[in-house]
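Right, one structure below, let's go through it.
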Amino acid sequence: MLDLTTVLGEAAAVVDPKGENEDISVLCGLVAWALEHPDEYSGWNTKSLTAALRWTFGSDAQKGEEMASRLAAELEGS
């Protein structure tokens, strides 16, 4: 059985081998977080985005917070 989180990470490495496209990293991180935390995911809202991005960026908390703020503002504006 395939681990989808691993497959996402490998796919991101194929599409963006240098890791320069932040959007691909974020997308893979959001999907991986939702798969790893199904009890916390019930759709994308400010709370789930923030948790997912903190998890995705781990040690780079500032980057995760900045991304969460930007995406949450876009989500609330739509």
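At the listed q of 0.13, 0.20 Å⁻¹, the Debye profile of the chain, built from one uniform point per Cα, gives log10 I(q)/I(0) equal to -0.39, -0.89. For the residues Ser48, Ser25, Ser59, a GNM of the chain with alpha-carbon springs under 10 Å puts the largest fluctuation on Ser59. Counting only alpha carbon atoms, the long axis of helix 46-57 and the longest principal axis of the chain meet at about 40°.
Measuring between their Cα centroids, segment 11-30 and segment 45-78 lie 16 Å from each other.
Listing Thr56, Thr50 from fewest to most neighbouring C-beta atoms within 10 Å gives Thr50, Thr56.
Among Leu35, Leu49, Leu71, the ranking by other beta carbons within 10 Å of each residue's beta carbon, starting with the fewest, stands as Leu35, Leu71, Leu49.
Only the coordinates and a few stated rules stand behind these numbers; no lab work does. Since the model is a prediction, treat every value here as computed from it, not as a measurement. Using ideal geometry, Cβ is built from the backbone for each residue, glycine included, and neighbour counts are taken over all protein chains shown.
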